[in-house]
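The values are calculated or read from the model by the stated rules, or taken from the named source; none is laboratory data. Since this is a predicted model, take the numbers as computed values, not measurements. We place every Cβ from the backbone using ideal geometry, glycine too, and count neighbours over all the protein chains shown. Just so you know, the surface numbers come from the protein's heavy atoms only, side chains and all, with ligands and any DNA or RNA stripped out. Shrake-Rupley method; radii C 1.70, N 1.55, O 1.52, S 1.80 Å.
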Amino acid sequence: LHSFSFRDQEDPSLPMIQVLPGLHLPFRGSEETIKAIEKHCIATTHCTCCEEVLYCSQEVTHVLCSECQVVSLVYSVERHRPAVGVGWTEEEFSSHLDQWSSSQSSLS
């Protein structure tokens, strides 16, 4: 049995997550999803298990569903490095946008 790990060259300290037996990818947590939303660099995909629409960073190849914890492939963007990100549901995405918008307007 072979095992493959794709360590992130830019940030080798990222934790690894197993997406398939023997396949480990860097895990980019919620912080990256937050940054992507704030920069309007998001992708959408569907969870292959619960079919929830998920919002995630354009920089990831796979997404961890925040509802059912299943890892799904992100089809909608061109990626250069394999990685897993956290996918947010429509409700989580809207909630974060509301918080971010109110914090931006209080800075003005």
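Given a 1.4 Å probe and heavy atoms of the protein chains only, how would you sort His46, His62, largest accessible area at the top?
Details: His46 110, His62 40 Å².
So the residues, ranked largest to smallest area, are His46, His62.
Taking every protein chain into account, the 1.4 Å probe leaves Arg7 with about 110 Å² of accessible area, to the nearest ten.
Accessible area per residue was computed with a 1.4 Å probe on protein heavy atoms; Glu90 scores about 90 Å². Measuring with a 1.4 angstrom probe and ignoring ligands and nucleic acids, Cys49 comes out at about 80 Å² accessible.
Ordered by solvent-accessible area of protein heavy atoms (1.4 Å probe), largest first, the residues Thr33, Thr44 come out as Thr44, Thr33. Largest accessible area first, the residues Ser102, Ser57, Ser13 order themselves as Ser13, Ser102, Ser57 under a 1.4 Å probe with ligands, DNA and RNA left out.
Chymotrypsin sites (Phe, Trp or Tyr not before Pro), restricted to the range 14-95: which are DSSP loop and have at most 16 other Cβ atoms within 10 Å?
Numbers: sites: Phe27, Tyr55, Tyr75, Trp88, Phe93; in loops: Tyr75.
Answer in residue order: Tyr75.
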